[in-house]
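Trainee: Pasting a structure here, questions to come.
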């Protein structure tokens, strides 16, 4: 009977430790990233680059609206010789994003898919233009980088601060 005692003690120990280990392994998942830090009005500037190497400074305003899993983006930029007006409507499913985009000045549009993290939104865009858009952000500042293929506009980089 002495051999049964250590076995029972082991079972007792395992019965006590298992819930503690399970609590550690099944801790509440980290909160899903939200659009909250982006919402509101932003202003700033940057540059755009054309396929021929021409670059020009931009002055930009951006507006982010939405709640929950929906985000609306409106970015308007202008330079002495050009204007860019991009809009997008996105839906989040966890960290996955999908939606649509349009550039109103050049009458282009299409689909957008990407990912959302706590400080970064990354989109692949397809349609009239193929490219990508990455927004890195915190509560007071954001950097927007757009790269395109198959068009005279090659890239846009802007830095925005809260209005």
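Trainee: Can you tell me the length gained on complete extension of the stretch residue 43 to residue 100, counting 0.36 nm per residue apart and subtracting the Cα distance?
Mentor: Roughly 18.2 nm would be gained on extension.
Trainee: Would you please give the FRET efficiency between residue 140 and residue 93, computed as 1/(1 + (r/R0)^6) with r the Cβ-Cβ distance and R0 = 35 Å, to the nearest 0.05?
Mentor: 0.80
Trainee: Continuing with the same structure: Once you keep just the Cα pairs under 8 angstrom separated by 6 or more residues, what percentage relative contact order results for region 36-162?
Mentor: 22
Trainee: Rounded to the nearest 0.05, what FRET efficiency is calculated for residue 50 and residue 113 with R0 set to 41 Å and r the Cβ-Cβ distance?
Mentor: 0.95
Trainee: P(r) for region 69-163: what percent of alpha-carbon pairs falls in each 5 Å bin, starting at zero?
Mentor: 3, 12, 25, 27, 20, 9, 3, 0, 0
Coordinate-derived values only; no laboratory data. From a predicted model like this one, the values you see are computed outputs, not experimental measurements. Positions of Cβ are generated from backbone atoms using ideal geometry, with glycine treated the same way; all protein chains shown enter the neighbour counts.
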